[in-house]
There are 2 protein chains.
Amino acid sequence: MTSEAPRRRLAPEVRRLQVLDAAVAVFSEEGFHGASMDAVAVRAGVSKPLVYVHGGSKDELFAACLHREADRLLRSVQSAAGAPDEEPPARLRRALRAFFHALTTRRQGWTVLWRQASTGPFAGEVDALRRRIVEQAADLMAGGLGVPRTRVLPYAHTLVGAAEGLAHWWLTDPEAAATTGPGDPADVLADMLVAVVGPGLATIAPSGAVSDER
Amino acid sequence: MTSEAPRRRLAPEVRRLQVLDAAVAVFSEEGFHGASMDAVAVRAGVSKPLVYVHGGSKDELFAACLHREADRLLRSVQSAAGAPDEEPPARLRRALRAFFHALTTRRQGWTVLWRQASTGPFAGEVDALRRRIVEQAADLMAGGLGVPRTRVLPYAHTLVGAAEGLAHWWLTDPEAAATTGPGDPADVLADMLVAVVGPGLATIAPSGAVSDER
DNA sequence: GGGTTACTTTACGCATCGGTAGATAAGGTG
DNA sequence: CACCTTATCTACCGATGCGTAAAGTAACCC
């Protein structure tokens with residue numbers, strides 16, 4: 001059994017991180033409503049009042065989790081996309097790799113963002129985050145195709161949805177790991193997605209309607 | 001104030017439908033946890049005990065909503081796909097049309113299924129429903145490409161995710177209606193999706209190492 | 001050692017909400 | 001009209017969980 005925690009005094013910033021990490025873990029497992037502040041306290045190894053000292057109310061704590069994980073995900077994708085003067089297809093592929101890599105390495109954060117918060121008072125915030133990712137995808141696509149952003153917006157939503165669906169399969173289906181084989185799963189998943197949507201996206205004409213032959 | 005409802009006696013089946021409809025409406029707006037049984041009762045125009053008489057416990061009521069809406073959606077998509085001896089691409093397109101059509105005409109049901117139930121004790125059931133739709137898509141794709149189902153499963157998840165993303169955009173973005181223009185939105189959305197994923201899916205079969213297994 | 005303060009323990013207020021018991025009346029039947 | 005069945009309502013209980021108050025304890029710094 002683990003030894004009795006000898007009640008260490010820590011700097012407020014360190015404790016704050018502990019509480020936040022515990023909150024992300026508990027929220028990802030139990031969901032917002034299912035998670036109790038007591039559970040967060042136990043997970044963090046502290047008492048309940050401390051959670052309130054460092055994390056604020058339950059809503060504030062959850063919002064903090066949301067923002068931290070969202071910023072992390074967005075930043076990694078953004079930096080992976082690289083400078084705007086590079087080749088758009090390569091940028092898109094790298095961004096997708098970063099996206100899938102973030103999911104596989106930080107599952108809890110993704111779970112909090114995508115599966116636990118779609119309802120309640122945080123639906124708006126989660127949607128805003130999703131929108132930021134979609135905007136990023138739309139920028140990449142618009143730059144690559146030479147098309148105004150309004151035109152590619154629905155396709156950007158489609159692309160992000162496709163990524164979510166593929167990610168969900170990879171994270172939940174036990175046979176998924178066997179299917180992707182060896183190597184970095186993020187690479188395999190990104191290649192899969194590019195194989196599906198790449199050819200179609202390339203056919204979206206700059207000037208006219210979508211090529212739509214049967 | 002509105003006229004006091006003079007406490008009409010109704011047949012149990014009629015009341016049961018009233019309660020179920022109210023439950024779908026409230027659950028779609030507030031989510032499972034956010035919805036209270038009192039709210040369902042008010043929406044149905046009855047008192048709370050009646051909700052328990054006709055709907056059972058909150059869990060049972062929610063499960064009933066889930067199953068009814070899921071069956072409706074699955075049945076409409078399945079019947080739209082048509083007989084297995086027809087052309088696979090046309091079947092896929094028709095199935096997608098039926099899918100989008102169901103969303104636009106029965107928004108509340110879709111909301112309950114897709115956005116409110118991803119957490120809590122119903123995550124398993126919602127995932128099972130999603131899986132049934134994915135399986136259906138996988139069957140269509142496997143039939144069209146002449147490939148074992150295990151190989152197309154990730155692509156089926158991708159396709160369904162893409163449809164969800166596009167649907168979410170259409171249902172939430174105020175500018176979406178203007179973008180799709182006149183005509184049945186379901187047709188436009190299905191065509192958009194086929195334009196994005198169609199070419200890519202067609203190239204799946206030859207690239208894989210499929211022929212290795214007997 | 002002494003002081004500061006991070007931290008714990010314990011207990012409780014309070015609101016919300018699922019669920020139920022007993023009373024009430026609506027409608028059919030003789 | 002008397003009366004019985006039962007659909008329906010008003011009022012309530014109990015549990016859960018957020019959030020906090022009060023008082024004591026011990027770790028780090030000088």
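The values are calculated or read from the model by the stated rules, or taken from the named source; none is laboratory data. Since this is a predicted model, take the numbers as computed values, not measurements. Here Cβ is always computed from backbone atoms with ideal geometry, including for glycine, and neighbour counts include all displayed protein chains. Areas reflect the complete protein model, heavy atoms only, side chains present, ligands, DNA and RNA absent. Shrake-Rupley method; radii C 1.70, N 1.55, O 1.52, S 1.80 Å.
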Calculated on alpha-carbon atoms, Rg and Dmax of segment A:16-105 in Å | 16.8, 52
Rounded to the nearest 20 Debye, what is the dipole magnitude of chain A about its Cα centre when Lys and Arg each give +1 and Asp and Glu each give -1 at the C-beta?
-> 660 debye
Cα-based Rg then Dmax for segment A:129-206, in Å, read 14.0, 41
Please identify the GluC sites (Glu not before Pro) of segment B:50-113 that satisfy two criteria: DSSP loop assignment and at most 16 other Cβ atoms within 10 Å. Which are they?
-> B:Glu86
Taking Cα pairs closer than 8 Å and at least 6 residues apart, the relative contact order of chain B in percent is 18 percent
What's the carbon and sulfur percent of the protein assembly as shown's accessible surface, probe 1.4 angstrom, rounded to a whole number?
-> 55 percent
Where the only charges are on Cβ atoms (+1 Lys, Arg; -1 Asp, Glu), what is the dipole of the protein assembly as shown about its Cα centre, to the nearest 20 debye?
-> 980 debye
Any chance you could run the full-extension gain for A:Gln108 through A:Arg132? It's 0.36 nm times the residue separation minus the Cα-Cα distance, nm to one decimal.
-> 6.6 nm
Those residues of segment A:16-36 whose amide nitrogen sits under 18 Å from the label point placed on A:Ser57, 7 Å along Cα→Cβ | A:32-36
Measuring from a point 7 Å out along Cα→Cβ, what nm distances, shortest first, does B:Arg9 have to its partners in the other copies?
-> 7.5
Along Cα-to-Cβ, 7 Å out, sits the label point; list in nm, shortest first, how far the one on A:Glu30 is from those in the other copies.
-> 2.2
Hydrodynamic radius (Kirkwood) for chain B, which is based on Cα pairs only, to one decimal in Å = 19.2 Å
Under a straight-distance cross-link criterion of Cα-Cα below 18 Å, which lysines are reachable from A:Lys58, leaving out those fewer than 8 residues away in the same chain?
-> A:Lys48
Semi-axes of the protein assembly as shown from the Cα gyration tensor (sqrt of 5 times each eigenvalue, largest first, whole Å) come to 36, 32, 21
Semi-axes of segment A:11-56's equivalent ellipsoid from the Cα gyration tensor, sqrt of 5 times each eigenvalue, largest first, rounded to whole Å?
-> 17, 10, 8
For the pairing of chain B with chain A, what total accessible surface becomes buried, with a 1.4 angstrom probe, in square angstrom to the nearest 100?
-> 3100 Å²
Å² of accessible area per residue within segment A:11-56, as computed with a 1.4 Å probe and no ligands counted | 48 Å²
So what's the gap between the Cα centers of segment B:29-68 and segment A:50-122, to the nearest angstrom?
-> 34 Å
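To the nearest 20 debye, what is the magnitude of the charge dipole of segment B:10-56 about its Cα centre, counting +1 on the Cβ of each Lys and Arg and -1 on the Cβ of each Asp and Glu?
160 debye
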What trypsin sites (Lys or Arg not before Pro) in segment B:1-105 are in a loop by DSSP, with at most 14 other Cβ atoms within 10 Å of the Cβ?
-> B:Arg7, B:Arg8, B:Arg9
